[in-house]
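First up is the structure itself, then whatever we jot down about it.
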Amino acid sequence: MTAAADDMTAGSTGRTRASIFARSSAYLQAAPLAIILGCFLLLPIVMIAVVSFWDYDFAQMYPDFITLNYAETLGSWVTWKTYLNTLRYAAIVWALTLFIGFWVAYYLAFHIRTTTMQMVLFLVCTVPFLTSNIIRMISWIPVLGRNGLVNSALVGAGIVPAPVEWLLYSDFAVVLAMVHLYTLFMVTPIFNTLMRIDRSLVEAARDAGATSWQILWNVIIPLAKPGMAIGTIFVVTLVMADFSTVQVMSGGQSASVALMMKNQMSLLQYPAAAANAVVLLVLVLLMVAGILRIVDIRKEL
Amino acid sequence: MSKAAAIDIASVTKVYGGTTAVHAISLKVPAGSYCCLLGPSGCGKSTTLRMIAGHESITSGDIRLGNAVVTDLPPARRGTAMMFQSYALFPHLDVTDNVAFSLKMKGVAKTERRARALDMLKLVHMEPYATRRPAQLSGGQQQRVALARALITDPEALLLDEPLSALDPFLKIRMRAELKRLQTTLGITFVHVTHSQEEAMALADIIVVMNEGRIEQAAHPREVFERPATAFVARFMGDHNVIPGRVTAADGDRVTVAVPDGGAFAATGGTRAVGESVDVAVRTDRVRIGAPEAPGLGFTGIVDGIEYRGATVKLTVSGAGVTDFTAILSDAAFFAAPVKVGDAAPLAWGSEDAIVLGRLHS
């Protein structure tokens with residue numbers, strides 16, 4: 001009798017322990033990712049936000065709560081010009097990568113017949129990514145430079161009398177390098193959405209009398225919008241945060257927001273750079289929110 | 001909406017790379033009839049339909065619709081409309097815009113095309129769902145929308161690629177009645193691809209049985225059922241036993257056929273020379289247990305299996321050189337004199353129930 005009662009108690013404790021474990025196991029499973037995101041994403045952002053309110057002089061930062069950094073950042077016309085310039089880069093690069101990315105993805109998805117060939121060509125698109133961004137960027141210099149490939153070819157062919165100056169260290173060079181670096185971020189999501197389009201939709205459209213352009217405009221592009229939105233988010237955030245491309249390809253003649261921050265940091269003006277970073281973060285988040293409002297990407301994820 | 005076109009397929013062949021999907025088939029579908037292309041998967045029925053629709057190029061031969069040769073015309077200029085197997089509704093458009101799609105392509109103004117689409121939706125009883133997206137509809141509703149979208153082009157022939165295969169059995173039967181009603185109302189030619197014998201029997205004015213890219217038989221369902229042209233048709237329709245053998249005696253259209261190492265069977269309906277190899281078909285539902293009334297109209301075999309099906313009982317019998325011979329008995333007849341697995345049972349049938357089958361000349 002006693003033994004039986006003991007057994008029952010032991011059994012119920014076992015059950016309680018098991019149910020606690022079951023309840024906490026979900027948290028345990030989520031913990032690693034939560035810790036990583038917390039330590040490496042949330043904490044740094046919080047630190048940047050905190051530091052952006054600190055005071056500083058040429059040598060040191062002073063914990064404080066002042067809004068001077070924001071007032072200086074937003075009150076300076078240099079900041080506004082730099083933001084406008086960065087937004088201009090983002091808009092041009094976005095338009096070009098969207099155009100090129102869509103056609104590359106469209107060609108891969110609809111004009112290459114075999115899946116094997118599609119995969120091979122897609123991998124070919126990713127081959128440049130085996131080298132670093134910087135190397136790919138710098139490799140443009142011998143091509144575009146004053147005595148570079150393009151200029152020597154143009155001068156040699158007698159098309160221009162003297163080397164073209166705006167090829168390198170110009171907005172043109174910045175945009176060219178960015179398009180080169182970021183087009184694949186547009187190709188991949190668009191290719192993914194295009195591959196999911198049921199081919200019988202194209203036939204149904206043709207059956208209804210649609211021409212190839214009408215099919216493209218009325219069926220394929222609307223269905224590719226989620227992929228375009230994801231690609232847009234990639235490209236816009238990358239361009240908005242870019243400083244190395246702008247610095248190298250403009251030869252220091254153009255500025256971007258991230259480059260401005262980098263300069264502030266090299267002058268040890270960390271709180272000013274932090275305030276700048278917070279403003280940029282808010283701006284980019286607003287842009288992403290705007291994109292998500294226009295296009296529903298949930299079915300892509 | 002009243003015009004219907006006859007479809008005339010003249011020795012049409014389709015070759016994909018090295019394989020021939022359709023072998024020089026010829027077929028005439030009269031205007032305003034309901035034609036079912038029936039066959040197992042890979043028999044070329046869908047390819048044939050897609051060639052009529054213009055979604056597949058024709059390797060050789062010609063297709064005429066009414067008086068026009070449409071072989072090289074694009075799909076939209078043939079006067080056909082196709083309904084796709086998965087319905088292929090545009091997921092980003094609402095039901096009305098889906099139906100109005102072809103009008104939009106033609107440049108019809110928005111208010112007019114939406115009004116006409118709504119009329120078409122009324123025809124298929126879908127006007128309450130006009131503003132829904134396809135994803136919000138059930139399979140049967142999607143099918144009605146697909147029908148409306150195909151019919152708004154005012155086609156002379158409607159081509160349906162396995163339209164009922166995605167529906168549950170109950171809905172399948174309801175939709176098939178509706179298809180038939182719609183075809184009768186509109187009076188246009190329907191060509192319907194299916195692999196279901198039952199569906200084809202229920203709907204068609206002409207059943208075209210296809211196998212390996214050839215037409216085995218094209219006839220009224222009753223003829224296909226009662227007088228299958230070939231062993232393939234007899235087996236595929238599933239209501240005949242096929243007994244292959246060699247002719248040992250012939251008298252007009254009556255022959256006696258001997259099965260290797262087995263019995264001899266009498267059959268009618270084909271003039272054959274002695275020594276020719278031939279297939280005999282025996283209707284499964286006409287077989288009864290009992291002694292044959294004449295020699296060659298039955299055999300005695302061992303019962304391999306008994307399957308109770310309610311109104312009928314299915315017996316599988318082997319003997320006299322014939323294996324897996326099926327007899328469908330009424331439950332009353334079976335339970336009046338039941339047999340068990342392993343019993344020897346005498347089977348018999350009438351002289352008109354055994355027919356000689358033809359072969360394709362290929």
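For the reader, a short list of remarks on this structure follows.
- Spin-label model distance (nm) - A:Arg113 vs B:Met201, 7 Å beyond Cα toward Cβ: 4.1 nm
- Comparing A:Ala157, A:Val239, A:Trp94 along the charge dipole axis of chain A, the residue lying farthest to the positive side is A:Ala157, per the Cβ-charge model.
- Lysines whose Cα lies under 27 Å from that of B:Lys106, excluding same-chain neighbours fewer than 8 positions away: A:Lys225, B:Lys3, B:Lys122
- Translational diffusion coefficient (Stokes-Einstein; Kirkwood radius from C-alpha pairs) of the stretch A:79-176 at 10 °C, 1.306 mPa s, in µm²/s: 97 µm²/s
- As a calculated quantity, the FRET efficiency between A:Ala49 and B:Ala177 at R0 = 60 Å, using C-beta atoms, amounts to about 0.30.
- Residues A:Tyr62, B:Tyr34 arranged by fewest to most Cβ contacts within 10 Å: A:Tyr62, B:Tyr34
- Remark: mean inter-chain Cβ contacts per residue of B:102-109 equal 3, using a 10 Å Cβ-Cβ cutoff to other protein chain atoms.
- Per residue, chain B reaches -7000 deg cm²/dmol at 222 nm when only DSSP H runs of four or more residues are counted, each adding -39500 (n - 2.57).
- Square roots of 5 times each gyration tensor eigenvalue, C-alpha, the protein assembly as shown, largest first, Å: 72, 36, 25
- Mean ellipticity per residue at 222 nm, deg cm²/dmol - from DSSP H runs of n ≥ 4 across chain A, formula -39500 (n - 2.57): -23000 deg cm²/dmol
- Label-to-label distance, B:Ala311 versus A:Lys262, with points set 7 angstrom from Cα along the beta-carbon direction: 8.4 nm.
- Three-way shape call for the stretch B:227-271 based on the alpha-carbon gyration tensor, with the a/c threshold at 1.5: oblate
- Per-pair calculated FRET efficiency, R0 = 56 Å: B:Ser26 and B:Ala337 via Cβ, rounded to 0.05: 0.70
- Restriction of the trypsin sites (Lys or Arg not before Pro) in the stretch B:269-362 to DSSP coil positions whose beta-carbon has at most 14 other beta-carbons within 10 angstrom yields B:Arg309, B:Lys340, B:Arg359.
- Mean sequence separation of contacting Cα pairs (under 8 Å, at least six apart), scaled by the length of chain B, corresponds to a relative contact order of 16 percent.
- Principal axis dimensions, largest first and in whole angstrom, of the stretch B:232-355 by Cα: 42, 26, 23
- Base-10 log of normalised Debye intensity for chain B (one unit scatterer per alpha-carbon) at q = 0.08, 0.10, 0.15 Å⁻¹: -0.51, -0.73, -1.19
- What the Cα convex hull of the stretch A:76-300 gives, in volume per residue, is 168 Å³.
- Cross-link reach list, aspartates and glutamates versus B:Lys172, counting only Cα pairs under 20 Å and skipping chain neighbours closer than eight places: B:Asp161, B:Glu162, B:Glu198, B:Glu199, B:Asp205
- Working from label points 7 Å from Cα in the Cα-to-Cβ sense, the A:Ile294 to B:Arg227 distance is 6.9 nm.
- Förster radius 25 Å - calculated FRET efficiency between A:Ser139 and A:Ile92 (Cβ-Cβ, nearest 0.05): 0.70
- Cross-link partners for B:Lys314 among the lysines, with Cα-Cα distance under 24 Å and sequence neighbours closer than 8 places in the same chain left out: B:Lys340.
Each value in this text was obtained by applying a stated rule to the coordinates, not by laboratory testing. Please read all numbers here as calculations on a predicted model, not as lab measurements. All Cβ positions, glycine included, derive from the backbone under ideal geometry; neighbour counts span all protein chains shown.
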